[in-house]
Amino acid sequence: LNDEAKLEMARALADRVLAEGGGSTREQLIHAFRLCLTRRPTEAELERLMAFHQQQEAHYRAQPEMAARLLRGESAKAPASTRAAWTLVANVLLNLDEALTKQ
């Protein structure tokens, strides 16, 4: 689930969320969740995603070379640490059972 094609999709979703998702991380998470799962996240889901996003943002801010490697050196309007964190959040959402299996 971490092959290059999946990561490319996650990078594209991250860029879309940053462009369309609103001004706050909370709004962006809700937007990303709705794009992937066609429903709003519960408060518990939102809290977990917020914590994960914050953890990843701090990690990539401290290790910019890892962010550049994840992003393949692409440049964008958002800082690399922000894009890298959103890429991992997008990867999590895209890999959820609910996203992979429609019933």
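Can you give the local net charge around ALA85? Use residues other than it whose beta-carbon is closer than 9 angstrom to its beta-carbon, Lys and Arg +1, Asp and Glu -1. In short, +1.
If you take the Cα centroid of segment 48-73 and the Cα centroid of segment 1-42, the two points sit 15 Å apart. For segment 17-103, applying the loop criterion from DSSP together with a ceiling of 12 other beta carbons within 10 Å to the GluC sites (Glu not before Pro) yields GLU74.
Solvent-accessible surface of segment 1-84, taken per residue with a 1.4 Å probe and all protein chains present: 61 Å².
For the options THR87, THR42, THR25, a Gaussian network treatment of the chain with springs between C-alpha atoms closer than 10 Å singles out THR42 as fluctuating the most.
Counting only DSSP H runs of at least 4 residues, each contributing -39500 (n - 2.57), and dividing by the residue count of the chain, the helix-based mean residue ellipticity at 222 nm comes to -23500 deg cm²/dmol.
The portion of the accessible surface of segment 48-97 made up by carbon and sulfur, rounded to a whole percent, is 55 (1.4 Å probe; DNA, RNA and ligands excluded).
The values are calculated or read from the model by the stated rules, or taken from the named source; none is laboratory data. This is a predicted model, so every value here is computed, not measured. Heads up, the Cβs are rebuilt from the backbone with ideal geometry, glycines too, and the neighbour counts pull from every protein chain shown. What goes into the accessible areas is simple: the full protein's heavy atoms, side chains included, and nothing from ligands, DNA or RNA. Shrake-Rupley method; radii C 1.70, N 1.55, O 1.52, S 1.80 Å.
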